[in-house]
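Following: one structure in structure tokens, then a few remarks.
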Amino acid sequence: MLVTSVLVAWFLIVLGAGTAGVFDSGPGRPPLPLLLAVAGPPLLFALAYRASRAVRNFALRIDLRLLTAVQGWRVIGILFLGLYPFGLLPGAFAWPAGLGDVAVGVAAPFVLLAIVRGTPSWPTRVAWLNLAGLLDFVGAVGTGVLTSNSSLGVLSDGVSRASLGTLPLSLVPTFAVPLWTIFHLISLLQLRRLARAGTRPIRYTALADPVV
């Protein structure tokens with residue numbers, strides 16, 4: 001399957017780049033490779049979505065229940081809080097990034113339940129979940145850069161810590177964050193399509209396709 005091949009190739013590329021130290025900018029240099037790895041894939045998806053009908057059709061056919069359930073994996077962000085007491089991550093990054101991820105991950109099953117039950121307000125809940133998830137990523141990437149040892153690390157205290165530009169942590173901003181950002185964008189695009197169509201909210205059943 002093409003999508004699987006793209007995801008595997010993407011993962012292998014960022015894994016290889018991380019192994020080669022591409023994302024570790026080092027002191028005095030801006031983390032441009034890391035920022036490009038974070039922002040590049042969502043931008044490429046946005047361009048492909050706009051330019052290709054096939055991409056649009058594929059994205060809009062993905063089950064919104066699946067996209068919502070996937071956000072439950074964000075609870076793994078509690079690992080940031082686990083690394084903080086050992087001095088491996090700065091608190092200015094670990095606390096907002098960790099708590100934000102956990103909040104989104106905990107909320108996701110409740111939003112999914114609202115979709116499955118056909119709760120009238122489920123589109124609003126889905127919208128807020130995805131907006132909160134995007135805001136969490138913005139905050140996490142921002143605090144990660146500001147507390148880094150790069151030239152943009154104005155909040156860095158100079159203490160040597162684990163770097164988001166080196167493996168295994170580099171896989172978070174270079175693969176997980178942009179992939180989950182694309183999931184957020186697709187969810188919001190599906191909601192926009194419903195709103196523009198002027199249809200009443202879709203009612204989902206546990207095993208059936210959406211019923212309008």
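The values are calculated or read from the model by the stated rules, or taken from the named source; none is laboratory data. It should be emphasised that the depicted structure is a prediction, and the values quoted were computed from it without experimental measurement. Backbone-built Cβ (ideal geometry, glycine too); neighbour counts: all protein chains shown.
Here are the numbers:
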| read-out | value |
| --- | --- |
| Output for the range 75-102, where each listed residue is more than 16 Å from Leu169 (Cβ to Cβ) and of a type in the set (Val, Ile, Thr) | Val75, Val102 |
| Hits in the range 139-189 - residues which are farther than 21 Å from Leu15 by Cβ, modelled with pLDDT of 95 or more and among the aliphatic types (A, V, I, L, M) | Leu185, Ile186, Leu188, Leu189 |
| Any pair with Cβ under 7 angstrom, 6 or more apart, that starts in the range 12-35 at a residue that is within 17 Å of Asn149 (Cβ to Cβ) and without any contact (Cβ under 8 Å) to a residue 60 or more places away in the chain and ends at one that is in a helix (DSSP H, G or I) and not acidic (Asp, Glu) | Val22/Pro33 |
| Qualifying residue in the range 130-153 (condition: on the phi < 0 side of the Ramachandran plot, assigned to a loop (DSSP other than H, G, I, E, B), among the β-branched types (Val, Ile, Thr) and surrounded by fewer than 22 Cβ atoms within 10 Å (Cβ to Cβ)) | no |
| Residue check for Ala92: of a type in the set (Gly, Ala, Ser) and at pLDDT 95 or above | no |
| Conditions (1) under 17 Å from the mean Cα position of the chain (by Cα); (2) in contact (Cβ under 8 Å) with a residue 24 or more places away in the chain; (3) closer than 15 Å to Thr68 by Cα; number of the one not met by Pro123 | (1) |
